[in-house]
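Single-structure report; data block below.
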Amino acid sequence: MANMKTLKLIIVILVVFLMMSCQEENYKTSFKETLSINTSLREHTKEFKKGVVKVKENIYVAIGYGLANSILIVGNEGIVIVDVMESGEAAKEVLAEFRKITKKPLKAVIYTHNHADHVFGGTGMIGDDTVDVYSQALTPYYLDRVVNVTRPITELRGFRMFGVYLDDDAMVNCGIGPMLNIKPGAQLGAIRPTITFTDSLATTIQGIDFELYHAPGETNDQLFVWLPTEKVLLAGDNIYKTFPNLYTIRGTVYRDPKQWVQSLDKMRTLNIEYLIPSHTRPIIGAEKIYKTLTIYRDGIQYVYDQTIRFMNKGLTPMEIVEKVHLPQNLQNEPYLQEFYGKVSWSVRSIFDGNLGFFDGNPSTLQPLPPKEKAEKMIALTGGFNQLREQAETAFSNKEYQWALELTDYLMRANPTDKKSLNLRYNCLVKLGEAESNPNSRHYYLTRAKEVKGFKITSIVEPDLRTVHSIPLAAIFDNLSVNLIPSKCGDRQLKVNFNFTDTHEKWSVQLRNSIAETQNYLIDDPDITVTIKSTVWKELLAKKRGGFSTFLMGDISVEPGISDFKEFMSYFEE
Ligand SMILES: [Zn+2]
C-alpha cells in the first residue's frame, strides 16, 4: 500500500512538473517550414554582440543583454546606472557584469524615458536599496498610462512586434537590440522616479557633474545626459543605428519629428567626444559624432518637411508614401537603414499627427462597414470561390500584398474557410520572410501563426511593488475605460471609497453608461467601501481574490458585499 501511495505521489509530481514545463514553452510558436531571413537583417545582428564595452576609465555600457543598453558610471564612493533593462532577469545579468568592474554601492539611477525596456528591470537592478531615481517630469505620467490605460493592447501588439512569441528559428534580431528579454513569470518592476525636472537639471553625483536635458523625440518625456567634464553624451533613444522609429507599429501617441530634430540640434551644440545611445553601439570621436547627429536629424527633417509639403497639396497619406523616399545620399547612410523605423510609416504618422484620420477623400469619410464591403466585392468577382481563386493566382504570381488584401474580404465573409486561412497564412509568411525590418517581420509571422490557431497568452504582469506604487488617480482613470455599457445600461449608482492607509477619498458615479470618477466623496452614496489602497490595487491587479479579501475582513462594504459585486460586474476584469 505504501509503495502504491509513493507511486501515485511520484506520478502526480511528474504530471505537475510536465504541465509546468509545457506552460513554460507553450507560449512560443514554431514553424514547420524553414524560414528564410533577409540578408541585411541577418548582417545587422552583429551590432548586438553581447558584452560590456568600456567607453572611458569610469564609464561602461552593457550591450546585448536585452533590447536596450544599460550604462554604468563609476563615481567616488558609488555608481550611477542609466537605464535598467526590461526585466529583473535582464537587469540582474547586467548588474552581475557591472559587479565584476566595481563593488561600489548603487547611488542613483537615471531613466532616459518611460519605455518598458528602460525601466521594468528597476526592482531587479535596485533591489531593496533606497537610491535617487531621476527622470524628466512627464515620465511618471507615461509610466502610469502604459501600466494601466493602454496596457492590454500595447502589450499584445508590442509582443507581436518584438517577436516574443516566435521561436529562436524565426527570430533574427529586434533592430535596436537582440531580443526583448522577457519570459513567462518575468520580474517586471519599475521603481518610480524620486527626482524629476522640467527643462534641465544640473547636479553632482558621486563627484561627477551631470547635466540632464529634456529632449522630446522618440517619446515626449525623453532626456539626454551630458557629462561636461567627461565629454560624454548619453543620448537615450533619440539616436540609434537604424532609421528612427518616428512611428511604432505597436501603437503610440504622436511622436513630433520637429521636436526630435530640435533635440538632436541641442546635442549638436555640445562638443561630444563619446556618444552612448541606449540602443546599439557607442560612437567615438567628436567629428564622427557631429556628422552622425547631422545625418540623423537631416533624415528626420527630410521626411517631415516633404510629408507636410505634399499634405498641403491635398495628397492622401498613401499617395505621399509613394512620393517620399530619402534622397540617394541619405539612403546609403548606416544610421538611416530601416531596421526599426520606416519612412513609409513615418509619413502616415506625420499626416495623422497633423490632420488626423481623415485623408481628405470623401469616399473614405464614411466607408461601408467591412463585412458589407467584403460581400459586395465577392459579388463583384462572381462569388466566394472566384475571389479565392483570384487571390490564389495573385499568390502564385508573388503578389503577396494583393493576395493578403483579398483574403481580408474572404475572411470577413467566411472566417473559417480552410483554404482562405491557408492562403492568408502563406501570404503573411512570405511577407515576413522578405522583410529587412524586424518589427514587420515579427508582426507578419506572429499573425500568420494566429491565423493557424496559435493563441497568444499574457505571460507577464507587474510585480507587487510596482502595483503598489501606482497612484490611485491612475487606478480610477483606468476604471472608467473598462465600463461595459451593455451590462450596466442606465443603472445609476453612487459608490464612495475610503482608503484607510493613505486617507484618500474617491467616488465613482454610474450614469448614462459612463463612470465619473472623482477624488472626493459624494452625498447619499448607495455603496461605501472601506479598504486599504494596497488591497484595492492588489484586487484589481488580481494579486488576490475578492472572496478571500472579504473573508479576511480586508474590505468592508455598506450596505453589503453583494452590492459591491454587482458594481464590479459592470467592468471588464
Ligand atoms: Zn528603447
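The values are calculated or read from the model by the stated rules, or taken from the named source; none is laboratory data. The structure displayed is predicted, hence computed values, not measured ones. A quick note on method: Cβ atoms are made from the backbone with ideal geometry, for glycine too, and the neighbour counts reach across all protein chains shown. Quick note on the areas: whole protein, heavy atoms, side chains included, nothing else; ligands and nucleic acids left out. Shrake-Rupley method; radii C 1.70, N 1.55, O 1.52, S 1.80 Å.
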field: Candidates ILE63, ILE73, filtered to the one that is more than 14 Å from the ligand (Cβ to nearest atom), touching a residue at least 40 places away in the same chain (Cβ under 8 Å) and β-branched (Val, Ile, Thr)
entry: ILE73
- prompt: Filtering the stretch 495-543 down to residues that are free of Cβ contacts under 8 Å to residues at least 24 places away in the same chain and touching a helix residue (DSSP H, G or I) at 6+ places or on another chain (Cβ under 8 Å), which residue is least open to solvent (accessible area, probe 1.4 Å)?
  reply: VAL535
query: Looking at the stretch 196-219, which of its residues are part of a strand (DSSP E or B), open to solvent by 50 Å² or more (accessible area, probe 1.4 Å) and of a type outside the set (Asp, Glu)?
result: THR196, SER200, ALA202, THR204, TYR213
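Do we have any residue at all in the stretch 142-163 that's farther than 26 Å from GLU89 by Cα, among the aliphatic types (A, V, I, L, M) and under 20 Å from the mean Cα position of the chain (by Cα)?
The initial filter retains those residues of the stretch 142-163 that are farther than 26 Å from GLU89 by Cα, namely none.
Checking the stretch 142-163: not a single residue is farther than 26 Å from GLU89 by Cα, among the aliphatic types (A, V, I, L, M) and under 20 Å from the mean Cα position of the chain (by Cα).
Counting just the residues of the stretch 123-151 that are among the aliphatic types (A, V, I, L, M) and open to solvent by less than 20 Å² (accessible area, probe 1.4 Å), which one comes out modelled with the lowest pLDDT? Working first, answer last.
Step one: filter the stretch 123-151 for residues among the aliphatic types (A, V, I, L, M), giving 125-126, 131, 133, 137-138, 143, 146-147, 149.
From the residues that got through so far, the ones that are open to solvent by less than 20 Å² (accessible area, probe 1.4 Å) too are 125-126, 131, 133, 143.
Working: MET125: 94, ILE126: 92, VAL131: 95, VAL133: 97, LEU143: 87.
That would be LEU143.
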Number of the exception - TYR142 against (1) farther than 18 Å from ASP221 by Cβ; (2) within 15 Å of the ligand (Cβ to nearest atom): (1)
- prompt: Can PHE339 be described as assigned to a loop (DSSP other than H, G, I, E, B) and within 16 Å of the ligand (Cβ to nearest atom)?
  reply: yes
message: Going residue by residue through the stretch 211-233, is there one that turns out to be closer than 26 Å to LEU330 by Cα and basic (Lys, Arg)?
response: no
- request: Having 1 or more residues that are small (Gly, Ala, Ser) is the bar; report the strands (runs of 3 or more DSSP E) wholly within the stretch 450-526 that clear it.
  value: 505-511, 514-518
message: If I go through the stretch 544-567 residue by residue, how many of them are surrounded by 14 or more Cβ atoms within 10 Å (Cβ to Cβ) and aliphatic (A, V, I, L, M)?
response: 3
- prompt: Taking the condition surrounded by fewer than 16 Cβ atoms within 10 Å (Cβ to Cβ) and closer than 18 Å to LYS537 by Cβ, does ASP477 pass?
  reply: yes
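Select from the stretch 70-113 the residues that are of a type in the set (Lys, Arg) and closer than 21 Å to GLN187 by Cβ and write down the one among them that is farthest from the chain's Cα centre (by Cα).
Within the stretch 70-113, the first condition is being of a type in the set (Lys, Arg), and the residues that meet it are 92, 99-100, 103-104, 107.
Subsequent filtering for residues that are closer than 21 Å to GLN187 by Cβ retains 92, 99.
Working: LYS92: 21, ARG99: 29 Å.
Among them, the one singled out is ARG99.
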- line: Selection from the stretch 220-246 of residues open to solvent by less than 10 Å² (accessible area, probe 1.4 Å), part of a loop (DSSP other than H, G, I, E, B) and either of a type outside the set (A, V, I, L, M, F, W, C) or more than 15 Å from the ligand (Cβ to nearest atom) (or both) yields ASP221, GLN222, ASP237, ASN238, TYR240, THR242, PRO244, ASN245
- request: Would you be able to tell me the number of residues in the stretch 145-185 that are farther than 19 Å from LEU445 by Cβ and within 16 Å of the ligand (Cβ to nearest atom)?
  value: 3
- request: From (1) within 16 Å of the ligand (Cβ to nearest atom); (2) under 13 Å from PRO193 (Cα atoms); (3) open to solvent by less than 10 Å² (accessible area, probe 1.4 Å), pick out the condition that doesn't hold for PHE120.
  value: (3)
message: Among the residues in the stretch 247-262, are any touching a residue at least 40 places away in the same chain (Cβ under 8 Å), surrounded by 23 or more Cβ atoms within 10 Å (Cβ to Cβ) and within 15 Å of the chain's Cα centre (by Cα)?
response: yes
field: Inter-residue pairs, beta-carbon under 9 Å, first outside any helix (DSSP H, G or I) and in the stretch 404-430, second hydroxyl-bearing (Ser, Thr, Tyr) and modelled with pLDDT of 95 or more, 6+ apart
entry: ASN414/SER420
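Could you count how many residues in the stretch 269-310 are in a helix (DSSP H, G or I), over 29 Å from the mean Cα position of the chain (by Cα) and either surrounded by 19 or more Cβ atoms within 10 Å (Cβ to Cβ) or in contact (Cβ under 8 Å) with a residue 12 or more places away in the chain (or both)? Walk me through it before giving the result.
Taking the stretch 269-310 and keeping what is in a helix (DSSP H, G or I), we get 286-310.
Subset that is over 29 Å from the mean Cα position of the chain (by Cα): 286-288, 290-291, 309-310.
Then drop every residue that is not either surrounded by 19 or more Cβ atoms within 10 Å (Cβ to Cβ) or in contact (Cβ under 8 Å) with a residue 12 or more places away in the chain (or both), which leaves 286, 290, 310.
Selection size over the stretch 269-310: 3.
Going residue by residue through the stretch 444-457, is there one that turns out to be more than 30 Å from ASN519 (Cβ to Cβ), aromatic (Phe, Trp, Tyr) and touching a Gly at 6+ places or on another chain (Cβ under 6 Å)? Full working, then the answer.
First, pick out the residues of the stretch 444-457 that are more than 30 Å from ASN519 (Cβ to Cβ): 444-457.
Filter once more, so that each one left must be aromatic (Phe, Trp, Tyr): 444, 454.
With the extra rule that they be touching a Gly at 6+ places or on another chain (Cβ under 6 Å), the set shrinks to 444.
Yes, the stretch 444-457 contains a residue that is more than 30 Å from ASN519 (Cβ to Cβ), aromatic (Phe, Trp, Tyr) and touching a Gly at 6+ places or on another chain (Cβ under 6 Å).
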task: Tell me which of these ILE110 doesn't satisfy, since it passes every other one: (1) more than 15 Å from the ligand (Cβ to nearest atom); (2) in contact with a Phe, Trp or Tyr (Cβ under 6 Å, 6 or more places away or on another chain).
output: (1)
